[in-house]
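Some notes on the structure that comes next.
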């Protein structure tokens, strides 16, 4: 059995396809014509390939005229190559976006949206329980019409080169913001700081294509445990590209006015800060005696 | 000698004051009246203190009427307490901001600003060389009038409780975005991924008050080395709260059309991706043979 | 309800007792007499307290004569204070150990021991299935009579000061070595490298006393997932303080002669290394073109 | 210009050679015959190559008879392949070591050695100032005759497979122990914990061959800053494979009896531990109120 794909030999997709396929079936044969020299001799580039498709009446979306290429799925559309290869070119001004209007063309009026989470997973929009695909599709619409989620960046491919990409991901941008807001309310401080240091590793593994990999399995076990209390609802105001926090609540809130007041009058005693800081400062005081800092 | 400050015993400022002072002078005595029980007996809270100041004609900015408190420096203004203690209250709609207009009240027109960096440090605005304070002051104005940099968050104090804060930091928001854009162009991928994992540690040390500390010294040595190539200019479009990348350039760019083309025709050979992925996938293939994944 | 303990206010035990107790019952009152000024006025130190116990016929193990103090549990005995406070004093030559002979006094003959693990947990010694306590007790005996597990170190207490401790932990030293050997055989490389970076965080949390803590919960979820394949048996030769690997095997071995040979003749192709290294070296080559290194 | 080497296409050396060479000269051509299919057709393996050398009177150290191969430099000798490919084979019992005697054959008598460091760099042995190469050579002798530094491990090559190696590195084993002992005395706790988390990254970069790389430059800047206070002398007892701490001293010691006593009677106040632990336990108490743990 073989797995054949048409990804160029320069990008990330080939990595994700192959690493995932081989992790599931170590004997699968991968055939990627663009990585074969004799294929590239026959079709030196996009232009020759598009011409061939036209000649043979093979329908393809790509056109020679378009000044950049794009790739689309339910989470985002990416734009790269062509004009966009110049990092001085204004990316969002160049691209004809498919999911979003520009902030300038968005309505001059706040649109509020409420997103519910259960243990870190989005489960509702505006109080209506929906599946994952429905949620991201709906938020693509809502975010998109408010100019949310256009991104212009230089990224670092797994195959070693920097590349410039313009993206639109309205739904994911809204979800990312909402999720973070709810984490702030429900996740323990020291866990969150560690999570912040592990997030780039999760992102790297996923971006490179190591989805089926022992390291990612262990990282995901960490994430699932860390996300357990991240349940609640976040209210966001979308306005011309902005995602503004309008409110948040959770049954697991670790910031609770009730507790805060009770802590203020009871459990939290300002006198404790004396001892706390004397001990937190002890290593620094010893250090300062042994090797005084110049100041 | 003693160092006396009026910070409450509940916040972060007391930590920064004391840890910094003791690291510079391990024998300094810190007196923080709000942490002394007998002081709090005399002045149980803000109201009693404000009343006392009024009675004694001591001028203080705080007023009982204001529904929240604020703290200001050249980098930002913070707002907290009072009405803002309810995380369901809309923070940016509640606060009367001092440095920024709301996105709604910002001009309906893009304002472009160009920021120059030398080894990670901002050195110019719109081509004009300026000092650090001048840069942040100018960007506070430019960002502020375009509605940039309002933040509503729940944070985690060093003394252990979560607290809710609303901030405005227009200049720093613009600088943060510009800096990141330039790093993308000039910083090595693997270094950047490590930097992403160390940033939360730098932030934690600074936030907690460990500015004069051996760990921060070593982290800053890392940062200074990492920032060496981050030189160049970033062009940003500010529009009603949005910070949009308009362009970037650097003499140290690792994304260079010239190199890309040269690599394309020379150094980068798509055939190499075959071997690269066969070897990157080897551990996964062995894993899959030893313990096949169900799928 | 209150939790009263006799730990000094200078050590780590007070931290572990209190943080664990409060995490389980946030309303528990902790009473630690040595942290109360009026208690220390009555009993300024160990000498006064031992004298009082003698006078009142309260049996205590501590004696004024012993030139250091010790603490014992099934995992180890620790020795500190007294003569040991001088870091130039030879720790292992000073202490009269309770669980171990010195390497010099151990038999001049290898003793072999085989330890079995199931998903990272030790389950057998020399083929005999045993419980956790039995395993560590047995290995304390076996390791102890071979001079294994004496440690002299300067450590960093949670309350801020460095302290010098001498330890003996023969069973745990043997288990640690065996576990590591089995991990080498069964754990994925990239997961192991991440594990190496997270281990210090697990150790810190446990040492400080944050056993019942959201961050440790998430770290343990990571560990449990990572340990799943760590099943097998390790054969160790103990000889006068040395722990020598004599052999290891696992049904989940990722180093398998069969696979290696098959890979050699099949899946691993030396030609792949060409492409692999060309791509791994790409960022460095671009870097070298943009900013050549002096050499 | 080309760089030609005879490393097999399966190991780590080819990575180090090539990545270093290309980082210094991005245009250098690397020729590694064992990675070329037509070369391997002519010489399918070691046996054919050794036969050819014999026939042509080319002197080579390798012999077909030896049941494993070895590689030597001033830091270590490595042994692998052949009999050693079976992880159940006892590695140290199989290898005829070149630098070390076995613990069993070492003298039944402690040999003491004192190693001096300046900012983390070893500078003297037994009080005699020596250069780096002299130090490691001398310690190879001293460690070697006391049976120190034999290692048997399964490691993870950059090219993806696990491999089994037996090593001897007597000098480096002694230096590693001595350095760690001195760090314990002189390095700040929080810095050391971060160092522990960064060490695996330094090791990985060096092992893979990324010596000339922006990420390693930044890590080394971190290390140099962290090592500044690591100055002093460590006394070690070597005995039949054991490296035993006999004493340590440093002008930068953060564990100083003088300071400890002074802190005990002055700067360290046990009462402070009350406040310290109340605040360190605050997040856990809030957590326990919101989501009580079952126990």
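Condition check for residue B:216 on (1) more than 18 Å from the chain's Cα centre (by Cα); (2) buried (at least 18 other Cβ atoms within 10 Å of the Cβ): one failure, at (1).
Of everything in segment C:18-46 that is touching a strand residue (DSSP E or B) at 6+ places or on another chain (Cβ under 7 Å) and part of a helix (DSSP H, G or I), the residue that is nearest to residue C:69 (Cα to Cα) is C:18. For segment C:254-295, what are the residues that are at pLDDT 90 or above, surrounded by 19 or more Cβ atoms within 10 Å (Cβ to Cβ) and either within 12 Å of residue B:282 (Cβ to Cβ) or more than 7 Å from every other protein chain (Cβ to nearest Cβ) (or both)? The answer is C:254, C:272, C:273, C:276. For the condition out of contact with any helix residue (DSSP H, G or I) (no Cβ under 7 Å at 6 or more places or on another chain), touching a residue at least 12 places away in the same chain (Cβ under 8 Å) and under 20 Å from residue C:276 (Cα atoms), residue A:20 qualifies.
Taking segment B:135-146 as the range and being farther than 17 Å from residue B:179 by Cβ and surrounded by fewer than 22 Cβ atoms within 10 Å (Cβ to Cβ) as the test, the residues that pass are B:137, B:141, B:145. Candidates C:174, C:206, C:202: the one that is farther than 28 Å from residue A:285 by Cβ, modelled with pLDDT of 95 or more and surrounded by fewer than 24 Cβ atoms within 10 Å (Cβ to Cβ) is C:202. Counting only helices (runs of 4 or more DSSP H) that sit wholly inside segment D:123-229, those with at least 2 residues that are within 9 Å of chain B (Cβ to nearest Cβ) are D:189-208, D:214-227. Quick one: would you say residue D:121 is in contact (Cβ under 8 Å) with a residue 12 or more places away in the chain and surrounded by 16 or more Cβ atoms within 10 Å (Cβ to Cβ)? Spelling it out, it is not the case that residue D:121 is in contact (Cβ under 8 Å) with a residue 12 or more places away in the chain and surrounded by 16 or more Cβ atoms within 10 Å (Cβ to Cβ). Would you check which residues across segment D:80-106 are within 20 Å of the chain's Cα centre (by Cα) and farther than 20 Å from residue D:174 by Cα and list them? The answer is D:80, D:91. The set of residues from segment D:91-109 being surrounded by fewer than 18 Cβ atoms within 10 Å (Cβ to Cβ) and within 14 Å of chain C (Cβ to nearest Cβ) comprises D:93, D:94, D:102, D:104, D:105, D:107, D:108, D:109.
Residue by residue through segment D:23-48, note down the ones that are free of Cβ contacts under 8 Å to residues at least 12 places away in the same chain and buried (at least 17 other Cβ atoms within 10 Å of the Cβ). Residues satisfying the conditions are D:26, D:40.
The residue that is farthest from the other protein chains (Cβ to nearest Cβ), counting only those in segment B:1-17 that are farther than 23 Å from residue B:156 by Cβ and assigned to a loop (DSSP other than H, G, I, E, B), is B:1.
If only residues of segment A:51-80 that are out of contact with any helix residue (DSSP H, G or I) (no Cβ under 8 Å at 6 or more places or on another chain) and at pLDDT below 85 are counted, the one that is surrounded by the fewest Cβ atoms within 10 Å (Cβ to Cβ) is A:65. Can you find a residue in segment D:147-170 that is touching a helix residue (DSSP H, G or I) at 6+ places or on another chain (Cβ under 8 Å), surrounded by fewer than 22 Cβ atoms within 10 Å (Cβ to Cβ) and farther than 23 Å from residue C:188 by Cβ? Checked against the condition, which is being touching a helix residue (DSSP H, G or I) at 6+ places or on another chain (Cβ under 8 Å), surrounded by fewer than 22 Cβ atoms within 10 Å (Cβ to Cβ) and farther than 23 Å from residue C:188 by Cβ, segment D:147-170 yields no hits at all. Please indicate, with yes or no, whether at least one residue in segment C:75-95 is assigned to a helix (DSSP H, G or I), in contact with a strand residue (DSSP E or B) (Cβ under 9 Å, 6 or more places away or on another chain) and free of Cβ contacts under 8 Å to residues at least 24 places away in the same chain. Yes: one or more hits.
Checking each residue in segment A:232-247 for being touching a helix residue (DSSP H, G or I) at 6+ places or on another chain (Cβ under 7 Å), more than 7 Å from every other protein chain (Cβ to nearest Cβ) and under 30 Å from residue D:291 (Cα atoms) picks out A:232, A:234, A:236. Residue count for segment B:47-71 under the criterion of being outside any loop (DSSP other than H, G, I, E, B) and in contact with a strand residue (DSSP E or B) (Cβ under 8 Å, 6 or more places away or on another chain): the result is 3.
The values are calculated or read from the model by the stated rules, or taken from the named source; none is laboratory data. Since we're looking at a predicted model, the values are computed, not measured. When we count neighbours, we look across all protein chains shown, and the Cβ atoms used for this are built from the backbone with ideal geometry, even at glycine.
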